[in-house]
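Below is one structure; the comments refer to it alone.
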Amino acid sequence: MKSPLLTLPGAVPAEGVDEAVAAHYGDLFREQRALADGTGFVDLSHRGVVTVTGEDRLAWLHLLLTQHVSELPPGEATEALILSAHGHIEHALYLVDDGETVWAHVEPGTQEALIAYLESMKFFYRVEVADRTADIAVVHLPAGSIAEVPRGAAVRETPYGRDLFLPRAELEAFADRAGPPAGILALEALRVEQHRPRLGFETDHRTIPHELGWIGPAVHLQKGCYRGQETVARVQNLGKPPRRLVFLHLDGSEVHLPAAGTGLRLAEDGPDGRKVGFITTSARHHELGPVALALVKRNVPLDAPLVAGDTAAAQEVVVEP
């Protein structure tokens, strides 16, 4: 479902899972600066939207999610994961309850599998799960934005901005009022700067929450009773995760950014050194220059210079070893 905002002047489609929205509208750094200053908006209408209604919705979700949501106040934003039985991350939900409905947006294309799992776990609980992707569009307003929120829209208010759940039919009219638009590459560059992981970018089939710093923001340690909880507790109490998320400053003299999946080596080991990690997301930041998030082995020294392909990289700690 391609966004109608791809017809706006200068719009260039994104790639991969974000291809249904704009990568940028002609000036990546201007768009980043606008978001950092609290102006403009980002079209996230390609993201999946799932709702849960019914009087048992919070108690039921509390049993399935990694986050404590049984007493979630109306209007309070949170995020949560669904794990496999072995504790690996399968879904990431960004949700809010409006007093009657839990609204969640998820990565593009993941809503069908998420709903299938939720439906299989309903049992006798008084809940209804719905895929609202076809009629609801997600729009992001940056922190500090004074753009008017349409009446009746569900809102997730976070330190990074507001996520609006708008009727899809109102998306173009909202864009006319809330401009200027910023592409998803601008939002991604700020996400990398903020060290925030994204499902399918910083995760693979064996990622556990501890590796990405999701303990706390998305995983509550004082609750049990969810699939994968045993792994979470065991790693938290008895061990260390095998990998850790790092933030990288990349050599700005290189023309091309290292792509996701590019291997990382210790600089001192040279081009034939063993792989100690890999790039997960790289971006060009309007102030910091080329930067990236990466996963490295836990035992990589914190101050060790790295090389991503042929690009020199200096690391900053995100997750402690």
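The values are calculated or read from the model by the stated rules, or taken from the named source; none is laboratory data. Here the structure is a predicted model, which means the values were calculated and not measured. Every residue, glycine as well, gets a Cβ built from its backbone with ideal geometry; the counts of neighbours run over all protein chains shown. Calculation scope for accessible area: heavy atoms of the full protein, side chains included, ligands and nucleic acids excluded. Shrake-Rupley method; radii C 1.70, N 1.55, O 1.52, S 1.80 Å.
Structure summary
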| item | result |
| --- | --- |
| Criterion violated by G216 - all others in (1) of a type outside the set (A, V, I, L, M, F, W, C); (2) out of contact with any Leu (no Cβ under 8 Å at 6 or more places or on another chain); (3) within 17 Å of H88 (Cβ to Cβ) satisfied | (3) |
| Selection within the range 286-299 - in a strand (DSSP E or B) and closer than 10 Å to H249 by Cα | G289, P290, V291, A292, L293 |
| Search result, residues across the range 226-269 that are basic (K, R) and more than 26 Å from G87 (Cβ to Cβ) | R265 |
| Strands (runs of 3 or more DSSP E) completely within the range 1-95 that count 3 or more residues being within 25 Å of E157 (Cβ to Cβ) and open to solvent by less than 40 Å² (accessible area, probe 1.4 Å) | 41-43, 48-53, 78-83 |
| Qualifying residues in the range 284-301 (those that are small (G, A, S) and open to solvent by less than 10 Å² (accessible area, probe 1.4 Å)) - the one nearest to L212 (Cα to Cα) | A294 |
| Tally of residues being hydrophobic (A, V, I, L, M, F, W, C), farther than 27 Å from P197 by Cα and touching a residue at least 60 places away in the same chain (Cβ under 8 Å) across the range 122-145 | 1 |
| Matching residues in the range 239-261 - criterion: being small (G, A, S) and at pLDDT 95 or above | A259, A260, G261 |
| Residue match in the range 230-238 (condition: farther than 30 Å from M1 by Cα, modelled with pLDDT of 95 or more and open to solvent by less than 10 Å² (accessible area, probe 1.4 Å)) | yes |
| Residue list for the range 78-94, filter: closer than 14 Å to G224 by Cα and either over 13 Å from the mean Cα position of the chain (by Cα) or modelled with pLDDT under 95 (or both) | I82, L83, A85, G87 |
| Top-ranked residue of the range 252-283 - restricted to ones that are in a loop (DSSP other than H, G, I, E, B) and among the small types (G, A, S), ranked as surrounded by the most Cβ atoms within 10 Å (Cβ to Cβ) | A260 |
